[in-house]
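The values are calculated or read from the model by the stated rules, or taken from the named source; none is laboratory data. Owing to the predicted nature of the structure, the values given are computational and were not obtained by experimental measurement. Note that each Cβ is placed from the backbone with ideal geometry, even for glycine, and that neighbours are counted across all protein chains shown.
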Amino acid sequence: MPYTPNMSARILDGKASAEEIRRDVSRQVEAFKAANGPIQLCTILVGADHGARLYANSQTKHCERVGIYHTLIDLPVATTDAQLKSEITRLNADPTVTGIVLNLPLPKSIDAPAAQYQIDPYKDVEGVNPSNIGLLFYDVPIIAPCTALAVMELIRRSGADPRGADAVVIGQSRIVGRPISMFLTTQLATVTACHIETRDVKAHARKADILVVAIGRPRAINADYVKPGAVVLDVGINRVVEKSADGKEVSQTVGDVDFDSVSQVASALTPVPGGVGPVTVAMLLRNTVEAARKQLDRRI
Ligand code: NAD
C-alpha cells in the first residue's frame with residue numbers, strides 16, 4: 001500500500017508477536033524433551049538491583065509457561081570476579097544446565113565483559129559472549145543477542161525489506177545497536193551507524209527507510225527525525241516521572257521515540273511498552289531451545 005502523509009502509523013504489536021513466538025517455542029520444547037530430556041535455564045544474579053530482579057522474575061514466569069526449567073542463582077553483592085567465574089565454570093560443566101544468563105547490571109567491582117566471556121558460547125542464550133558477538137561478523141553466531149533478534153523479527157513482521165533499503169541505527173552499544181547494524185548489513189541494507197559523536201543525527205535519520213533507535217533518552221527522536229513512511233523500531237526503555245493533567249506525579253515507561261509525533265509520519269512503529277521488549281523475552285526462550293539443540297552435537 002503506498003504511503004499517504006498524515007496517516008497514523010501501523011502499530012507493530014510486540015505482545016501479540018511474542019505470544020505467537022512463545023506458542024511455537026512451547027511446541028519445540030515439548031518435542032525436544034520427548035527426544036532428549038529437559039531444558040534448564042540458569043539465571044545468575046549478583047547483588048541484584050530492582051531491575052535485574054524484575055527481569056529474573058519475568059524469565060521464571062515465561063520459562064515455566066513454555067516448559068523450560070528455570071533456576072535462579074542469587075549471589076551477594078560482595079561476590080568477587082573469581083567466585084563468579086567459578087560459579088559460571090560449574091554451570092558450564094553441568095550437563096543438566098542447557099542455558100546460562102547473567103543478569104545486568106552487575107556490581108561495579110565485577111568485570112562484566114570478562115564474566116560474559118566465561119559463559120560457554122553454546123549455553124550463552126543471550127548471545128553476549130564476545131565470541132558469539134564476533135561470529136555475527138561472519139553471519140554464523142551460535143546464538144545471537146536477543147534484542148537484536150527481536151528488532152529483526154519485528155522488521156520482518158512489518159513487511160519492510162532490508163535489501164537495498166537505507167537503514168539508520170541510532171545507538172551503537174555492543175549488545176544492542178551494533179549487532180542490529182550488523183544484522184541489517186548482512187541482510188543487504190545500506191546502514192548508517194549513529195552514536196553520541198555523530199554530528200547531525202537528524203540529517204542521517206531523515207534518510208532512513210528503516211530507523212532503529214536504541215539510545216536510552218526518553219522521547220528524544222521526534223517526527224522531525226523521521227522520513228514519511230519509514231518503519232521505526234524503538235528499543236528504548238526509560239522510566240520517567242511526569243505531572244498528569246490533575247497535577248499528580250505519575251511514573252511511566254516510555255521509549256526513545258516520541259510516539260505521538262512519530263506515529264503521524266511513520267508507516268509502522270513499535271510502541272513502548274509492548275513493542276521490542278516482549279519480543280526480546282520471547283527470543284530468549286527461542287535461543288534457549290536453540291542452544292539446547294546445538295549442544296547435542298556442538299556444531300555451529
Ligand atoms: P548504552 O547506554 O549502552 O548505549 C547507548 C548508545 O546510544 C551509545 O552508542 C551512545 O553513543 C548512543 N547515544 C546516546 N545518546 C545519544 C544521542 N543523543 N544521539 C545519538 N546517539 C546517542 O544503551 P543500550 O544498552 O544500548 O540501551 C539503549 C536503550 O535500549 C535503553 O533505553 C535500554 O533500556 C534499552 N534496552 C532495551 C532492550 C529491550 O529488549 N527492549 C534491551 C536492552 C536495552
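Quick notes on this one:
- Criterion violated by residue 287 - all others in (1) part of a helix (DSSP H, G or I); (2) out of contact with any Asp or Glu (no Cβ under 9 Å at 6 or more places or on another chain); (3) more than 11 Å from the ligand (Cβ to nearest atom) satisfied: (2)
- Residue count for the stretch 233-249, restricted to those that are within 14 Å of the ligand (Cβ to nearest atom) and of a type outside the set (S, T, N, Q): 7
- Within the stretch 60-93, considering residues that are of a type in the set (Gly, Ala, Ser) and without any contact (Cβ under 8 Å) to a residue 12 or more places away in the chain, the one nearest to residue 287 (Cα to Cα): 93
- Filtered by the rule that a residue be under 26 Å from residue 298 (Cβ atoms) and part of a loop (DSSP other than H, G, I, E, B), the stretch 163-193 gives 174, 175.
- Only residues that are at positive phi and more than 14 Å from the ligand (Cβ to nearest atom) were counted across the stretch 198-232, and they come to 1.
- One residue from 44, 73 being in a strand (DSSP E or B) and closer than 22 Å to residue 237 by Cβ: 44
- Some residue of the stretch 164-171 being within 16 Å of the ligand (Cβ to nearest atom), surrounded by fewer than 22 Cβ atoms within 10 Å (Cβ to Cβ) and either among the small types (Gly, Ala, Ser) or farther than 26 Å from residue 272 by Cα (or both): no
- Residues considered: 24, 13, 49. Of these, the only one that is among the charged types (D, E, K, R), out of contact with any Gly (no Cβ under 9 Å at 6 or more places or on another chain) and modelled with pLDDT of 95 or more is 24.
- Being surrounded by 14 or more Cβ atoms within 10 Å (Cβ to Cβ), at pLDDT below 95 and among the aliphatic types (A, V, I, L, M) is a description that does not apply to residue 144.
- Residue that is crowded, with 16+ Cβ neighbours inside 10 Å and either of a type in the set (Lys, Arg) or in a loop (DSSP other than H, G, I, E, B) (or both), where the choices are 227, 202: 227
- Selection of the stretch 205-224 for residues being in contact with a Gly (Cβ under 9 Å, 6 or more places away or on another chain), assigned to a loop (DSSP other than H, G, I, E, B) and not small (Gly, Ala, Ser) yields 209, 215, 217, 218, 219.
- With a requirement of 2 or more residues that are over 17 Å from residue 283 (Cβ atoms), the helices (runs of 4 or more DSSP H) lying completely within the stretch 98-162 that satisfy it span 112-118, 130-136.
- Filtered residue count, the stretch 239-263, keeping only those that are crowded, with 22+ Cβ neighbours inside 10 Å and in a strand (DSSP E or B): 1
- Residues that are in contact (Cβ under 8 Å) with a residue 12 or more places away in the chain, out of contact with any Lys or Arg (no Cβ under 8 Å at 6 or more places or on another chain) and closer than 29 Å to residue 29 by Cα occur at least once in the stretch 253-270.
Per-residue answers, yes or no, for (1) surrounded by 19 or more Cβ atoms within 10 Å (Cβ to Cβ); (2) in contact (Cβ under 8 Å) with a residue 24 or more places away in the chain; (3) of a type in the set (Lys, Arg):
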residue	(1), (2), (3)
217	no, yes, yes
223	no, yes, no
233	yes, yes, no
237	yes, yes, no
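- Qualifying residue in the stretch 273-283 (condition: in a strand (DSSP E or B) and of a type outside the set (S, T, N, Q)): no
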